[in-house]
Amino acid sequence: QRRLSVMQDTTSEDHDKLSASSFSVTVLNMAGEEIEISELRPYQQLRNLCHKIAKKLAVEVSELQLCMDGHVFKARELPKSLRHLNIKDGDNLTCVRSPSDSVLEEWKAAFSTLKSEHTQRMRWSAQRGL
């Protein structure tokens, strides 16, 4: 039992050291700007990183999409720790800004109008035999 106790103490100390040590990552946005996000901890959730990025970019966190090494992080990964997701000191991530719902609706309306105008021109041309 004494041996087990020592092993548990060591594991606890190691966990505390890992939890206490901070690190930083570099985020590249689509404009080519590099943003350093520091004071991260391995136990923090992906959602914490997203909030820090959104704050630095002055955008809504819901508009962000993060990628790393060809992996696009999904919403279900937001509560996972950075350690679990293998995000560590010095990593480079890419941030893509997804348009908000209002912007998407605006684009849909614009494309709908364009499609309607195109259809009207095609009918006009057909009626004229052009």
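The values are calculated or read from the model by the stated rules, or taken from the named source; none is laboratory data. Fair warning: this is a prediction, and the values are worked out from it, not measured in the lab. Cβ atoms come from the backbone with ideal geometry, glycine included; neighbour counts cover every protein chain shown. The area values use the complete protein model at the heavy-atom level, side chains included, leaving out ligands, DNA and RNA. Shrake-Rupley method; radii C 1.70, N 1.55, O 1.52, S 1.80 Å.
Which members of region 28-62 meet the condition of being in a strand (DSSP E or B) and among the hydroxyl-bearing types (Ser, Thr, Tyr)? Break it down stepwise before answering.
Filtering region 28-62 for residues in a strand (DSSP E or B) gives 28-29, 34-40, 45.
Selection gives Ser38 alone.
Check Arg83, Arg97, Arg76 and return the single one that is touching an Asp or Glu at 6+ places or on another chain (Cβ under 7 Å) and modelled with pLDDT of 70 or more.
Details: Arg83 fails: touching an Asp or Glu at 6+ places or on another chain (Cβ under 7 Å); Arg76 fails: touching an Asp or Glu at 6+ places or on another chain (Cβ under 7 Å).
Matching residue, one of Arg83, Arg97, Arg76: Arg97.
Among the residues of region 46-94, how many are farther than 15 Å from Met30 by Cβ and β-branched (Val, Ile, Thr)?
Counting residues in region 46-94 that are farther than 15 Å from Met30 by Cβ and β-branched (Val, Ile, Thr) gives 2.
How many residues does region 28-47 contain that are surrounded by fewer than 16 Cβ atoms within 10 Å (Cβ to Cβ) and not charged (D, E, K, R)?
Looking only at that region, the number is 7.
Give the residues of region 69-95 that are acidic (Asp, Glu) and either open to solvent by 90 Å² or more (accessible area, probe 1.4 Å) or touching a His at 6+ places or on another chain (Cβ under 6 Å) (or both), sorted by residue number.
Selection gives Asp69, Asp89.
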